[in-house]
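First comes the structure, then the notes that go with it.
The values are calculated or read from the model by the stated rules, or taken from the named source; none is laboratory data. Please read all numbers here as calculations on a predicted model, not as lab measurements. Cβ placement follows ideal geometry from the backbone for every residue including glycine, while neighbour counts extend to all protein chains displayed.
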2 protein chains.
Amino acid sequence: MAVKEKDTEQKIKDAARTIFQEKGFAGARTRDIAEKAGINLALLNYYFRSKQKLYDIIMTETMQTFFGGVIKILNDEQTSIEEKIEAFVTHYIDLLSGNANIPHFILSNVREDPEGYLEKIGALQKAKHSFFFQQFIQASMEGKIPPINPIHFILNLIGLVVFPFLAKPMIAASTGISDQQYADMLEERKRLIPLWVNEMLKVK
Amino acid sequence: MAVKEKDTEQKIKDAARTIFQEKGFAGARTRDIAEKAGINLALLNYYFRSKQKLYDIIMTETMQTFFGGVIKILNDEQTSIEEKIEAFVTHYIDLLSGNANIPHFILSNVREDPEGYLEKIGALQKAKHSFFFQQFIQASMEGKIPPINPIHFILNLIGLVVFPFLAKPMIAASTGISDQQYADMLEERKRLIPLWVNEMLKVK
DNA sequence: CACTTTTTTAAACAAATGATTAAAAACTAA
DNA sequence: TTAGTTTTTAATCATTTGTTTAAAAAAGTG
């Protein structure tokens, strides 16, 4: 049974993704990426020209992974606000459970280079023009949602989902909680966060 | 009117704090710190021996700044749970409004070196043995609080306060919100977060 | 002042690191 | 097979960067 050989380019990208996410751009060593990929150092530049270009590719792909799946959830005209919140939470907890360091990776990058990649993706602009956002504004005008700045709602929803992934190393180091326990706790949040957010939407 | 001259050691620390917080350890250049401090490069090693030792000092001080003030809030035997939550939220929003990059700085550091500094401070352990935590357990046993894992509550409270500071560059880049508007929004959260958290504590 | 100690500076060092080169190896097509 | 192309490798380069050195300047001391 012949195992399909991963090609060199993909091996480099996989190694680069891991190391860039762990160490950041400045902390990553091209030699470490080459070693992890099991290739000669010169091949990295042969395929990608430079560390920076390789990083750009990894970061762009990571942004697409993170922002890509959510648009169709937000633009589903068949679902209510509550259903969208549930879908959003489940989608992201599932996604991040398999890629727990994406949030810190992206936030670090935006912090160093605020204009660099966001325009390439433009996902947050799309979210602002989504069907979900229209529903939200409408519910707000109908008095079903208190007239608070929608940015609070965005921050709360994203924060409740993402913050546990950002803070996991700190929580783990200070409580000694196991990976499995942490995963179970995240799983619980799929159910709890929508309930919490709905309660919060009643506060004025 | 003689302006008190800041001594060299303090100038280096101030410059180092800024640059380490902006660039991280790996991304920071000792030459940049020296230039920002307005001192000769060799003085950095004369006063602090190495980049690493300087970083350790800055990080320890930053952790103390972040975790220092909260213990006496949590151990105040005169205040209720609700009052402690209010005090906690106000304390941190005020603190971080003047030091907005502390959260990302600390989380990045714990991520690279999970055991390194937390023991030096041990603040999270203290929080777990605080009077506040006893009150929380008691309310839980009395049925005033649903029996959910307290880690949810911790994550929610800290996340609602801290996440807006972590995400500010991304929110700012994608919405174009001004610093003043963001500050106003954070100010609103002093009032809203305690209300939200109290509502969340009713969900089972 | 004379002397010692502390602080500061310019220069240099050594290691790390991103990138390049030139040749070898592997592969492809005629 | 052979000629040409692509991929891989070992070695090297050039720059950056943390650190050290030795001397000068400044500050302190008796």
Are any of the residues in segment B:128-143 within 21 Å of B:Glu83 (Cα to Cα), acidic (Asp, Glu) and more than 10 Å from every other protein chain (Cβ to nearest Cβ)?
-> yes
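Return the residue satisfying two criteria in turn: it lies in segment B:52-67 and is among the β-branched types (Val, Ile, Thr) and surrounded by fewer than 17 Cβ atoms within 10 Å (Cβ to Cβ), and of such residues it is nearest to DNA strand C (Cβ to nearest atom).
Ranking the candidates gives B:Ile57 first.
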Going by the structure shown, is A:Lys120 modelled with pLDDT under 95, surrounded by 15 or more Cβ atoms within 10 Å (Cβ to Cβ) and either within 19 Å of the chain's Cα centre (by Cα) or among the hydrophobic types (A, V, I, L, M, F, W, C) (or both)?
-> no
Restricting attention to segment A:102-127, which residues are among the charged types (D, E, K, R) and more than 8 Å from chain B (Cβ to nearest Cβ)?
-> A:Asp113, A:Glu119, A:Lys120, A:Lys126
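Looking at segment A:16-51, which of the residues that are more than 13 Å from DNA strand C (Cβ to nearest atom) and more than 21 Å from B:Ser108 (Cβ to Cβ) is nearest to the other protein chains (Cβ to nearest Cβ)?
Per the stated criteria, the residue is A:Ala37.
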Quick check, is A:Lys36 at pLDDT below 95 and among the basic types (Lys, Arg)?
-> no
Meets criteria (among the charged types (D, E, K, R), within 29 Å of B:Pro114 (Cα to Cα) and in contact with a helix residue (DSSP H, G or I) (Cβ under 7 Å, 6 or more places away or on another chain)) for B:Asp56 = no
Taking segment A:76-113 as the search range and keeping residues that are of a type in the set (S, T, N, Q) and more than 11 Å from the chain's Cα centre (by Cα), which one is surrounded by the fewest Cβ atoms within 10 Å (Cβ to Cβ)?
-> A:Gln78
Working only within segment B:148-158, note down all residues that are more than 10 Å from chain A (Cβ to nearest Cβ) and either among the acidic types (Asp, Glu) or farther than 13 Å from A:Glu188 by Cα (or both).
-> B:Leu157
If B:Leu166 passes every condition in (1) surrounded by fewer than 18 Cβ atoms within 10 Å (Cβ to Cβ); (2) at the interface with chain A (Cβ under 10 Å from one of its Cβ atoms) but one, which one does it miss?
-> (1)
Based on what the data block shows, is B:Gly68 under 29 Å from B:Leu201 (Cα atoms), modelled with pLDDT under 95 and more than 13 Å from the chain's Cα centre (by Cα)?
-> no
